[in-house]
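Asker: Let me give you the structure first, and then I'll get to my questions.
The values are calculated or read from the model by the stated rules, or taken from the named source; none is laboratory data. Keep in mind that what you see is a predicted model, and the values were worked out from it rather than measured. Ideal geometry is used to build each Cβ from the backbone, glycine not excepted, and the neighbour counts take in all protein chains shown. To get the accessible areas, we keep the full protein, side chains included, count just its heavy atoms, and leave off ligands, DNA and RNA. Shrake-Rupley method; radii C 1.70, N 1.55, O 1.52, S 1.80 Å.
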Amino acid sequence: TWKDGRTGNYDIYAQKINGSGAVQWSVEGLSVCSTIEFQDNPSIVPDGTGGAIVFWDDDRGQVYMQRISAGGSLLWAADGIPAISSPGGTDNNHVVSDESGGAYIAWRDDRDESYKLYVQRIDSSGGEVWTAGGVQISSSPVSEVELSPDGHGGVEVTWLDSRNGNNDI
């Protein structure tokens, strides 16, 4: 996945390439999001069914996402759907597949001006599985976030914070 300025503003594109190096979707890349707003920082994870889920920062005010089938069809709303619903700013977003068409996403959230850690599970239809706006898993401000699949459909979350006066994981 990449951002591309071919239309005059940056849009998100993706491509699937098979093991022999042959392009599987549109030759110029599949248009994932082409709104007039600016899109940036795309990332992609497998969806566990041969397709992928693409996440990106979007000037529409959120992190957006789109699921793509193995054959290159967009499965969610045109130009993506919000991945994170937060009244504050977000950054340090990390995504891993749940291996069943959805994903886990973790982020630093500034809804209370302190960048605390939130996590959300997105199901195969693009819906939030857990509490709307995500589940807060650290009450201390965090500076680094990582996600790892646990091998059983779940996720492990690690982070760096300084609640004890020094940086701890």
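Asker: Select from region 65-91 the residues that are hydrophobic (A, V, I, L, M, F, W, C) and within 11 Å of the chain's Cα centre (by Cα) and write down the one among them that is nearest to Gly48 (Cα to Cα). Can you show your working first?
Answerer: Step one: filter region 65-91 for residues hydrophobic (A, V, I, L, M, F, W, C), giving 65, 68, 70, 74-78, 81, 83-84.
Add one more test, that the residue is within 11 Å of the chain's Cα centre (by Cα), and what stays is 65, 81, 83-84.
Working: Met65: 16, Ile81: 20, Ala83: 18, Ile84: 21 Å.
The qualifying residue nearest to Gly48 (Cα to Cα) is Met65.
For every residue, the table says whether it meets (1) at pLDDT below 95; (2) among the hydrophobic types (A, V, I, L, M, F, W, C); (3) in contact with a Gly (Cβ under 7 Å, 6 or more places away or on another chain).
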{"position": "Asp79", "(1), (2), (3)": "no, no, no"}
{"position": "Ser86", "(1), (2), (3)": "yes, no, yes"}
{"position": "Asp91", "(1), (2), (3)": "yes, no, no"}
{"position": "His94", "(1), (2), (3)": "yes, no, no"}
{"position": "Asp98", "(1), (2), (3)": "yes, no, yes"}
{"position": "Trp107", "(1), (2), (3)": "yes, yes, no"}
{"position": "Gln120", "(1), (2), (3)": "yes, no, yes"}
{"position": "Trp130", "(1), (2), (3)": "yes, yes, no"}
{"position": "Ile137", "(1), (2), (3)": "yes, yes, no"}
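Asker: Mind counting the residues in region 59-78 that are open to solvent by less than 10 Å² (accessible area, probe 1.4 Å) and within 17 Å of His94 (Cβ to Cβ)? Walk me through how you get there before you give the answer.
Answerer: If we filter region 59-78 for residues that are open to solvent by less than 10 Å² (accessible area, probe 1.4 Å), which is where we start, we get 63, 65-66, 68.
Still in the running and within 17 Å of His94 (Cβ to Cβ): 63, 65.
So the count comes out to 2.
Asker: Report, by residue number, each residue of region 86-113 that is among the charged types (D, E, K, R) and surrounded by fewer than 22 Cβ atoms within 10 Å (Cβ to Cβ).
Answerer: Keep residues of region 86-113 that are among the charged types (D, E, K, R), which gives 91, 98-99, 108-113.
Answer for region 86-113, where residues must be among the charged types (D, E, K, R) and surrounded by fewer than 22 Cβ atoms within 10 Å (Cβ to Cβ): Asp91, Asp98, Glu99, Asp110, Arg111, Asp112, Glu113.
Asker: Same structure again: For the subset of region 36-50 comprising residues that are open to solvent by less than 50 Å² (accessible area, probe 1.4 Å) and part of a loop (DSSP other than H, G, I, E, B), which member is farthest from Arg6 (Cα to Cα)?
Answerer: Filtering region 36-50 for residues that are open to solvent by less than 50 Å² (accessible area, probe 1.4 Å) and part of a loop (DSSP other than H, G, I, E, B), the one farthest from Arg6 (Cα to Cα) comes out as Gly48.
Asker: Scanning region 114-132 for residues that are among the small types (Gly, Ala, Ser), out of contact with any Pro (no Cβ under 8 Å at 6 or more places or on another chain) and open to solvent by less than 50 Å² (accessible area, probe 1.4 Å), which turns out farthest from Asp47 (Cα to Cα)?
Answerer: Initial filter on region 114-132 (among the small types (Gly, Ala, Ser)): 114, 124-127, 132.
Then drop every residue that is not out of contact with any Pro (no Cβ under 8 Å at 6 or more places or on another chain), which leaves 124-127, 132.
This time we only want the ones that are open to solvent by less than 50 Å² (accessible area, probe 1.4 Å), so: 126-127.
On the way: Gly126: 12, Gly127: 14 Å.
It comes out as Gly127.
Asker: Among the residues of region 1-35, what is the count of those that are assigned to a loop (DSSP other than H, G, I, E, B) and surrounded by fewer than 11 Cβ atoms within 10 Å (Cβ to Cβ)?
Answerer: Going through region 1-35, the residues assigned to a loop (DSSP other than H, G, I, E, B) turn out to be 1, 5-10, 15-16, 18-22, 24-29, 34-35.
Add one more test, that the residue is surrounded by fewer than 11 Cβ atoms within 10 Å (Cβ to Cβ), and what stays is 5, 7-8, 18-22, 27.
Total meeting the criteria: 9.
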